[in-house]
Structures are given as structure tokens and as C-alpha cells.
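Quick notes on the structure that follows.
The values are calculated or read from the model by the stated rules, or taken from the named source; none is laboratory data. Owing to the predicted nature of the structure, the values given are computational and were not obtained by experimental measurement. Note: ideal-geometry Cβ built from the backbone for every residue, glycine included; neighbour counts use all protein chains shown.
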Amino acid sequence: MFPQIIDTRPLRRAVDDGLNWVVRNWGDGFEATAYPLLMLLKAIEDLLVATPWWVVIVVLTGIAWLASRRWQLPALVLTALLFLGVMDLWKDAMTTLALMLAATITAIVLSIPLGVWMSRSMSVRRAITPLLDLMQTLPSFVYLIPAVMVFGPGKIPALLATIVYAAPPLVRLTDLGLRTVDPAVMEASRAFGASPAQRLVKVQIPLALPTILAGINQTTMMALSMVVIASMIGAGGLGYQVLQGIGRLEVSRGLFAGLGIVALAIVFDRIAQAFGRQLQDRIGLLEAR
């Protein structure tokens, strides 16, 4: 047994009392700030649930065709979506998809500007990198506790926890993609008199798009990996079916819901990879010319 050097109970009480004070005094402000996120999530979920199943299948299969221009990927997407419908998981899948889309959209809006800022400042990168390490390694239950205390069980803390967990890969890969653009290309753009903003928008971001898209893909996969934990605090969806399977010892319920999460992950992972290959081919053809 490690010897007790200091008594940590006063520190723990101070942390708990401080958080309780924040909840009492700033709780309403935090809820008002997070309200747009809740509206975004509800709008996406209502749209997906109200849309006929066959329309969703046609749209996603069409996107898969546009991304690959081959029949294999649309066939895979069609099979995965039909599996969700046949297994009576469609509505839960749409709820999970809404949470994933809302978290991914919010992460994109926040992470890409932050990655751009990191790529342009070494001091910013040194300051933000430890924070990103903490966000990726800290167990999600740790920051779920204050989120649930502030917002109560429901969709907002689930969405916030998903964003915190899923955003770091996109920040890192945006920074990496912008920093690894060929210096000769950047020097040529300077020689032609392009301003820093023009070089960023017209040169760096287009050339870094495959890497940024890989970051979006990783963010999407990590958001999907949070659905079971998010369901513990009221997010619902396929994760709740897994929890019910655990609580009732129903292997089939948990297994099929887990396979449904895998099906969604495969659909969006393959589509994102196909779009990334398309971008790489276009950039390669552009460079070859």
C-alpha cells in the first residue's frame, strides 16, 4: 500500500463544491449556450425519422455511386442499410445517425479553423497539443459527470461528450495536411503575389483536402464509437438497444444492434475513403499537367 503523504479529501471537496457552485450560478447560461446544438440535433433527427426509408437508401446509395463510380460500393451501402431495416433497427439507426451527424458537423465547424490556426503558429500548436492529448485519452465518463450535472441526463451531454471525443483527430489532421503542402508550391504562390488568405483558401486547403477528409472520416468513426456510452445518459438509438441487451441478457438484441452500428460505420467509412481517393486522383492529375 502506497503511504498517505497528504490528505486529498479537502481537495476533492473543493472540486465538488466548485462544480456545484458553477451549476447553481452558471447552469442556465450553459444551457442557453448549448441550446443551438440541441436544435441542430433535433432538426437532423426529425428529418431522418420523417423521411421515408427508401428515400434515405436511395440518397446514400447515390452518394456512394458518385464517390466511387463503381457498383461495388453502392451494393455494399444498400446491403448495410437493408440489414438495418430487416432487423427492425431503422428508427434507432436514424437516431444514432442524427447524433453522429450533429457531432461531426459541429466538430468540423470547430476543428478545421483550430487546425488552420495551429498550422500557422508554433506557439498555438504547443499550447493546444496537450489539450488534444487530454481529450483523446481522458475517459469519457470523467467529463460526462460535470456535463450531466449541468445539463441533466439527455441529448445535450451525450452530444457534447461525443464532440469532445471525436474532434481531436480532425484538428490534428487539418494541421498536418496544411503543414505538409509542398513548399515549392507555396513559394510559387507567393511569387505570383497571392496574399496569405489567398494562399490558404486557393492553395493549401485544396492540396490538403485528402488529409482533412481523412480527419473527417476519423471523427465520424469516433462519434459512432461513442453511441453506446451516450445512450447511458439518454441519447437513445442503437446504443440503447445494446444496453438493453446487456441489462436483459438478450444476446440477440445486443448483437444485432452492435452489427447495426458496424453497418453505419462501414457505410460512412467507405464513402469517405472513396471521396478521398477521388480528390487524390484529381490532385495527381492536376500536378501531372
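Tell me whether the range 272-287 contains one or more residues that are crowded, with 21+ Cβ neighbours inside 10 Å and assigned to a helix (DSSP H, G or I).
Taking the range 272-287 as the starting set, the residues that turn out to be crowded, with 21+ Cβ neighbours inside 10 Å are none.
No - not one qualifying residue is present in the range 272-287.
Look at Leu38 and say whether it is hydrophobic (A, V, I, L, M, F, W, C), assigned to a helix (DSSP H, G or I) and either modelled with pLDDT of 90 or more or more than 22 Å from the chain's Cα centre (by Cα) (or both). Let's see the steps before the verdict.
On the way: hydrophobic (A, V, I, L, M, F, W, C): yes; assigned to a helix (DSSP H, G or I): yes; either modelled with pLDDT of 90 or more or more than 22 Å from the chain's Cα centre (by Cα) (or both): no.
No.
Considering each of Leu19, Leu11, Leu37 in turn, give the residue that is closer than 22 Å to Leu144 by Cβ, exposed (fewer than 13 other Cβ atoms within 10 Å of the Cβ) and aliphatic (A, V, I, L, M). Quick ask: steps written out before the conclusion?
Details: Leu19 fails: exposed (fewer than 13 other Cβ atoms within 10 Å of the Cβ); Leu37 fails: exposed (fewer than 13 other Cβ atoms within 10 Å of the Cβ).
Result: Leu11 is the single residue among Leu19, Leu11, Leu37 that is closer than 22 Å to Leu144 by Cβ, exposed (fewer than 13 other Cβ atoms within 10 Å of the Cβ) and aliphatic (A, V, I, L, M).
Counting only residues that are buried (at least 19 other Cβ atoms within 10 Å of the Cβ) and charged (D, E, K, R), how many does the range 173-195 have?
1
Quick check on the range 65-79: of everything there that is in a helix (DSSP H, G or I) and either surrounded by 24 or more Cβ atoms within 10 Å (Cβ to Cβ) or free of Cβ contacts under 8 Å to residues at least 24 places away in the same chain (or both), which residue is nearest to the chain's Cα centre (by Cα)? Can you show your working first?
Here is the first cut: in the range 65-79, the residues in a helix (DSSP H, G or I) are 65-68, 72-79.
Keeping just the survivors that are either surrounded by 24 or more Cβ atoms within 10 Å (Cβ to Cβ) or free of Cβ contacts under 8 Å to residues at least 24 places away in the same chain (or both) gives 65-66, 72, 74-75, 77-79.
Values: Trp65: 23, Leu66: 23, Gln72: 26, Pro74: 23, Ala75: 25, Val77: 20, Leu78: 23, Thr79: 24 Å.
Restricting to residues being in a helix (DSSP H, G or I) and either surrounded by 24 or more Cβ atoms within 10 Å (Cβ to Cβ) or free of Cβ contacts under 8 Å to residues at least 24 places away in the same chain (or both), the top hit is Val77.
Scan (1) modelled with pLDDT of 85 or more; (2) farther than 25 Å from Leu37 by Cα for the single condition Val267 breaks and write down its number.
Val267 satisfies every listed condition except (2).
Going by the structure shown, is Ala32 closer than 30 Å to Ile108 by Cβ and either without any contact (Cβ under 8 Å) to a residue 24 or more places away in the chain or outside any helix (DSSP H, G or I) (or both)?
Answer is yes for this residue.
Just for helices (runs of 4 or more DSSP H) wholly inside the range 102-181: which have at least 3 residues that are in contact (Cβ under 8 Å) with a residue 60 or more places away in the chain and touching a helix residue (DSSP H, G or I) at 6+ places or on another chain (Cβ under 8 Å)?
Once the helices (runs of 4 or more DSSP H) in the range 102-181 are filtered for at least 3 residues that are in contact (Cβ under 8 Å) with a residue 60 or more places away in the chain and touching a helix residue (DSSP H, G or I) at 6+ places or on another chain (Cβ under 8 Å), what remains is 140-151, 155-179.
What do you reckon, is Ala147 crowded, with 20+ Cβ neighbours inside 10 Å and within 12 Å of the chain's Cα centre (by Cα)? Write out each step before concluding.
Working: crowded, with 20+ Cβ neighbours inside 10 Å: yes; within 12 Å of the chain's Cα centre (by Cα): no.
Spelling it out, it is not the case that Ala147 is crowded, with 20+ Cβ neighbours inside 10 Å and within 12 Å of the chain's Cα centre (by Cα).
Kindly indicate whether Gly18 is more than 30 Å from Ala257 (Cβ to Cβ), in contact (Cβ under 8 Å) with a residue 40 or more places away in the chain and among the small types (Gly, Ala, Ser).
Values: more than 30 Å from Ala257 (Cβ to Cβ): yes; in contact (Cβ under 8 Å) with a residue 40 or more places away in the chain: no; among the small types (Gly, Ala, Ser): yes.
In short, no.
Which of the numbered conditions does Val227 fail, given that it passes all the others? Conditions: (1) modelled with pLDDT of 85 or more; (2) surrounded by 15 or more Cβ atoms within 10 Å (Cβ to Cβ); (3) among the hydrophobic types (A, V, I, L, M, F, W, C).
Of (1) modelled with pLDDT of 85 or more; (2) surrounded by 15 or more Cβ atoms within 10 Å (Cβ to Cβ); (3) among the hydrophobic types (A, V, I, L, M, F, W, C), only one is false for Val227: (1).
How many residues are without any contact (Cβ under 8 Å) to a residue 60 or more places away in the chain and among the hydrophobic types (A, V, I, L, M, F, W, C) when one looks only at the range 235-267? Let's see the steps before the verdict.
Start the filter on the range 235-267 by keeping residues that are without any contact (Cβ under 8 Å) to a residue 60 or more places away in the chain, which leaves 242-255, 258, 262, 265.
Those still in the list that are among the hydrophobic types (A, V, I, L, M, F, W, C) too: 242-243, 246, 249, 251, 255, 262, 265.
Counting residues in the range 235-267 that are without any contact (Cβ under 8 Å) to a residue 60 or more places away in the chain and among the hydrophobic types (A, V, I, L, M, F, W, C) gives 8.
Those residues that are farther than 23 Å from Ile57 by Cβ and part of a helix (DSSP H, G or I), I need them from the range 241-254; list them, please. Break it down stepwise before answering.
Quick first cut of the range 241-254, residues farther than 23 Å from Ile57 by Cβ only: 242-254.
Residues satisfying the conditions are Val242, Leu243, Gln244, Gly245, Ile246, Gly247, Arg248, Val251, Ser252, Arg253, Gly254.
Just to be sure, is Thr219 within 14 Å of Ala103 (Cβ to Cβ), part of a helix (DSSP H, G or I), polar (S, T, N, Q) and touching a residue at least 12 places away in the same chain (Cβ under 8 Å)? Working first, answer last.
Values: within 14 Å of Ala103 (Cβ to Cβ): yes; part of a helix (DSSP H, G or I): yes; polar (S, T, N, Q): yes; touching a residue at least 12 places away in the same chain (Cβ under 8 Å): yes.
So Thr219 fits the description; yes.
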